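Single-structure report; data block below.
What follows is calculated from the coordinates using simple rules that are stated; it is not laboratory data. As the structure is a computational prediction, the values presented were derived from the model and not from experiment. We place every Cβ from the backbone using ideal geometry, glycine too, and count neighbours over all the protein chains shown.
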Amino acid sequence: MDKQSSPVMVQVINLGKQVTTGDSALTILDGVSFTVKAGEAVAVVGASGSGKSTLLGLLAGLDTPTSGSVHIAGEDLFSLDEDGRAALRARLLGFVFQSFNLLPAMTALENVMLPLELAGARGAAAEATALLDRVGLGARLSHYPKQLSGGEQQRVAIARAFATQPSLLLADEPTGNLDAATGAGIIDLLFEINRERGTTLVLVTHDLELSRRCGRALRLAGGRLQS
Amino acid sequence: MTRFVADLALALRLLARDWRAGELTLVAVAVVVAVASVTTVGFFADRVQQALTRQANQLLGADLVVSGDRPLDAAYAAEAETRGLTVARMLRFPSMAGVEGSSVLAEVKVVTAGYPLRGDLRIADQLHGADRKAEGIPQPGTVWVDERLLSRLGVAVGDSIAIGNSRLPIAQVITQEPDSAIGFINAGPRVLLNDADVAATGLVQVGSRIRYRVLVSGEPREIAAYRAWITPQLGAGQRVESIEDARPEIRSALERAEKFLSLAALLSVVLAAVAIALAARRFLQRHLDACAIMRCLGASQRRLVTLYLTQFIVLGTVASLAGCFAGFVAQHALALWLGTLVTVELPEPGFSPALHGVVAGLALLIGFALPPLLALARVPTLRVLRRDLGAPSGMGWLGYALGLAVIAALIVWKAGDAKLGGLVFAGFALAMGLAGVVAWAVIALVSRLGGSGVSWRFGIANLRRRRLASVLQVVALGIGVMALLTLTIIRSELLDLWQRSLPPDAPNRFIVNIQPDQVPALQKFFAARGMAMPELHPMVRARLLSINDRPVAPTDYADDRARRLVDREFNLSWATQMQRDNRVVAGAWWGAKPSRSDQFSMEDGIARTLGIKVGDRLTFDAAGSSFSAEVTSLRKVDWDSFNVNFFVVSPPGLIERYPASYVSSFHLPPGNLELLNALVKQFPNLLLIDVAQVLTQVQTMITQVSRAVQFVFLFTLMAGLVVLYAAIASTQDERLYQATIMRTLGASRGQLARANLAEFAMIGVLAGLIAAAGANALGYVLASRVINVDYAFSLALWGIGIGCSLLGVMAAGHLGTRWVLKVAPLRVLRLLS
């Protein structure tokens, strides 16, 4: 796909986030602006405390900014209320977290089925089985998260993230809790599926190696975007 | 609609997953135990109450009696039969019965087949012969008489006696009548006659003093419906009565029995509610992450609430049904067990306790789950990125408000008595509030004091850090232990007090109609037999004419009892001392030196029935002249003390000038019938009323209720254990995590175990303290306000309460957290990451 002519998937304009602790205000993000086109893979890099995770949370509408706006596929995220944002997430977004965030009371299959079930999709089990097959866990469908290794749990999380065929995938340090070899395997898998499905990817990491595999890297320092 | 069905299906799938993963077990167990205890008590109380009432009805010979001084409308009996009730008819009238040369005034009772409908009539083949239960009534052409008639007339079985125009042979000796205790007129020797023979006697004529009765028995609901049907039809001189109307002693004993049983039910409701509250809270706390993730996956707040609420409703319904079933099985076991101890036949339980159980279970679950659930739906979605974003607000004290409201509603509903329900709930609410404050303060104080030893400090630090959770745990456990103490120690003390209020030598005979000039002779009579002279009470019969100069008539009152009271003469008495079993509830008693003589002290119940208050002026008519006085006090009378008591009492100086007789009550040792015969022979005008059967009845009821309450206690104990487990489980995840960190940092298992023990010991002592204080207070309130006995504060209660609570919490806490110390730290970290 020609990225120059692709539509804009993410547009961030002058985004700022401040939190007040006691009587002092702390600026976490300050005047951040950028765009991500459909099909692009963008890394957000920076040191701990540079505001990476806050930015990702704002992109997902999990938190509200102090100033600025975020448009996802042309929709102004913060003109929606909390439930509106939840509906938008259901329609457009997929997530992969550093700490996997699988539900402990559900099996691997049920974890992947959950977003499909919430969306009221038919054939959730078949779709989820296919995805787990794709991530190499076809034989572990009925295992609970605690019976799976960290790498396996992250594979389940990836399968879950792609279950609703999102247009935008947000990943927060997806290899942060994994050893190097396992992490590399996970990243390979993430990029493969991303390519297959033409998903736009925004990935937060402090791993420079990983950021190089993305088409572009946005560097955050002290809440500001470095050029 | 399709969305609804889809959500329902999804909720059920989520429920199945949570159930399989064991997340719901504690909630389900709490609901099952709650509902099982409520329904067992319900089913059982229902059956015991039915049985007690039926047993008490033996004294009436029926469940309901319609009576009148003229022949009763045939429609009364016909309607009862149409309603499927069992019916018998009876006439009673005084008549001379005799043989040549001597006759006595006897009480003739004419009965139809089926009499008595409740209780047994016992007969013997000859005087002082072995008696047996009578099958049926006298054959036409024969009579049964009691031993008094035989001895007065000097006749034997087989001899004939004359009654009116008839001469009938005596076939059997009556040794016991079920309904002998009813009414003041059964003084004469008894003749029992078949209805078929009454016409031939020629005694039933216009103007005869005949009391006509229709006896009815059947299912309580049908009886109530029949009573409602007949009450408006009754004409002048007619009335309908059940045992409660006839004997205030039974009425008051039945009421107390019901209060005891409902108290047991209430306490198990409270305990179970605490267990449900803790379990539901734990479930929701463990689902914070799930909620955040589902929000992240696009579920709206409303959808989450719908999904989880559906889960809770389905779970609550299923668990409640299971609890109902368990309750049903348990009460059958109870009935079997009790059946070996008590001769009373238990009627089948009604269906309503099952419904009550399900409603109670669901209401409690939703009441305690809904507020935290609503808060849960608002969980910050950002929690998926930042775990440190904790539980949303609304999970604190306020979150329990709805649940508390549900408990209050259930208590008032279950008590069936706003006063008892209000007292119990107020007691619990006050205790909880106080307990919370005390626990909060003590934890603050102890953590400030510090102390030596790393384990102790760490244990106390735990309490302080989780202060709200700790206070909740202390309060929950405290209520649990308090309910247990109330049910065990307080219960047996209260039952003891109640039993002692009715000693074995409680009066079982009343003597009525003692003339003033007979008093010295009567004193001599008792002294000659080495017996203390029973206390004599003067009595003047008078009719109530007006209240505050407004004339009263029976038709002024809608209430049946009020009509009868106004219709009849009151028994008035005078006294300077108030009787021991009386208690002033309004106004003041006049004391040893009354300031004026025109005062009345009225029994509270009757004053209420007639709408009389302190300050009202009553005018009575005695022997054609009237007198008035102001009501200056209202008294509660302990009717089941079996002492002579009066509805209306005045100070000396008001009514002495009217014709008076004396009334007394005394205890006749069993088998001492010779004394009765001698008494009647020397004072033929005296009426002797045998209340021995009523007395036995009340004593039996007390015993039966005690046993029933003991069984119910087992369920309360179970609920208490669930509370304990739930309280410990609710902090287990946190303990696990913390213990792991500590061990990683080099703490030994011993240190951690001791820290846990220190914490549990503190919780145990605090809970025990609160429980003992609460149980003592509750016991006092129940004793003085509900059961009307004096309550002695128990020191042992403090020791037992604190000791049991301390040991129980430490043992359970240790067992519940032992495994936390054994799991490999790495496993825990992975599990909780």
> Between B:Q523 and B:F793, what length in nm is gained on full extension when 0.36 nm per residue of separation is reduced by their alpha carbon distance?
Replying inline: 93.1 nm
> On average, how much area does the Cα convex hull of segment A:3-226 cover when viewed from any direction, in nm²?
Replying inline: 12.8
> What relative contact order, as a whole-number percentage, does segment B:509-690 give when Cα pairs under 8 Å and 6 or more residues apart are counted?
Replying inline: 36
> Excluding A:L88 itself, what net charge comes from residues whose Cβ is under 14 Å from its Cβ, given Lys and Arg +1 and Asp and Glu -1?
Replying inline: -1
>> Residues of segment A:88-105 with backbone nitrogen within less than 13 Å of a virtual label 7 Å along the Cα-to-Cβ line of A:Q165, please, listed as ranges.
In response: A:92
>> I'd like the orientation of helix A:108-118 relative to chain A: the angle between its Cα long axis and the longest Cα principal axis, in ° from 0 to 90, rounded to 10.
In response: 60
>> Can you classify segment B:60-246 as rounded, prolate or oblate using the Cα gyration tensor, where a ≥ b ≥ c are the square roots of its eigenvalues, rounded means a/c under 1.5, and otherwise it's prolate if a/b beats b/c and oblate if not?
In response: prolate
>> Using only the alpha-carbon atoms, how far is helix A:150-163 inclined from the longest principal axis of chain A? Give it as 0 to 90 degrees, nearest 10.
In response: 80
> Just counting partner chain Cβ atoms within 10 Å, what average do the residues of peptide A:111-120 show around their Cβ?
Replying inline: 5
> Under 18 Å from the Cα of B:K822, which aspartates and glutamates turn up, not counting those fewer than eight places away in the same chain?
Replying inline: B:D733, B:E734
